[in-house]
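Engineer: Okay, here's the structure, questions in a sec.
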Amino acid sequence: LSVTGVIHPDRVLTNAAARPGDALILTKPVGSGILVHAARAKAAGPGVLDAVRRSMAALNKAACEVMLRHAPHACTDITGFGIAGHVGQMARASKAAMRLRLSRIPVFPGALDAVRRGVITGITNSNRQMAADVLRFADGVTEEERQLVCDPQTSGGLLISLPADRADACLRELRAAGVTDAAIVGEVTAGGPSLEIVR
């Protein structure tokens, strides 16, 4: 047993309370697993990991502190299961329908190009299978984009579900606090547990 911190029982924030009408904010880009794998395979150019290293070294402390000032309902980190896996878990736990918009998800430079060249991690496909019961892709989402949202992240960001009328203010404050890649990437809608990825 290892205790790494303490929290007041009235301030616990889980992945199980997202509500229809919430906005979804992501605080870091995705694609780190692809790029690290590409670098190990010597399939990435010089400097491709610079942004990834900076992001991995950045704690989620500032993002957490800002988030807590905007009445969040639920939160999860985006790590080894990829954004699709972790948001799928939130959809199941919250018994809610989630929609992520690819055009709004921040992506590390070069990650999608690497996928197009056939670079994926050994975990990507198992992440996709794990989310398969809730995961749906809209028409027009490419196979490479489907792989990207299942890419395992190392030291990824937070995915925050909060009232839509607080999202813009939260986003401004996140960026002012140095969380410059934060973006509103989707929403929670009415319905049973599901995750839809749309353009």
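Engineer: Kindly indicate whether any position in the stretch 89-97 is farther than 19 Å from Glu196 by Cβ, open to solvent by less than 40 Å² (accessible area, probe 1.4 Å), hydroxyl-bearing (Ser, Thr, Tyr) and in contact (Cβ under 8 Å) with a residue 24 or more places away in the chain.
Structural biologist: No: zero hits.
Engineer: Given the structure, is Thr76 among the polar types (S, T, N, Q), buried (at least 22 other Cβ atoms within 10 Å of the Cβ) and in contact with a helix residue (DSSP H, G or I) (Cβ under 8 Å, 6 or more places away or on another chain)? Before you say what the answer is, go through the steps one by one.
Structural biologist: Details: among the polar types (S, T, N, Q): yes; buried (at least 22 other Cβ atoms within 10 Å of the Cβ): yes; in contact with a helix residue (DSSP H, G or I) (Cβ under 8 Å, 6 or more places away or on another chain): yes.
When the stated conditions are applied, Thr76 passes them.
Engineer: Another question, if that's okay. When the stretch 160-192 is examined, which residues are found to be assigned to a helix (DSSP H, G or I), in contact with a strand residue (DSSP E or B) (Cβ under 7 Å, 6 or more places away or on another chain) and open to solvent by 10 Å² or more (accessible area, probe 1.4 Å)?
Structural biologist: Selection gives Ala164, Leu171.
Engineer: Here are some residues: Ala57, Ala39. Which one is modelled with pLDDT under 95 and under 18 Å from Val107 (Cα atoms)?
Structural biologist: Ala39
Engineer: Give the residue that is nearest to Ile105 (Cα to Cα), with candidates limited to residues of the stretch 1-36 that are β-branched (Val, Ile, Thr) and open to solvent by less than 10 Å² (accessible area, probe 1.4 Å).
Structural biologist: As a first pass, look at the stretch 1-36 and keep what is β-branched (Val, Ile, Thr): 3-4, 6-7, 12, 14, 25, 27, 30, 34, 36.
Checking the rest, the ones that are also open to solvent by less than 10 Å² (accessible area, probe 1.4 Å) come to 25, 27, 30, 34.
Values: Ile25: 9, Thr27: 10, Val30: 8, Ile34: 16 Å.
Checked the stretch 1-36; the qualifying residue nearest to Ile105 (Cα to Cα) is Val30.
The values are calculated or read from the model by the stated rules, or taken from the named source; none is laboratory data. Given the structure is predicted, the values throughout are model-derived calculations rather than measurements. Quick reminder, even Gly has a Cβ in these numbers, built from the backbone with ideal geometry, and neighbours come from all protein chains shown. Note: accessible area is taken over every heavy atom of the protein model, side chains too, but ligands, DNA and RNA are not part of it. Shrake-Rupley method; radii C 1.70, N 1.55, O 1.52, S 1.80 Å.
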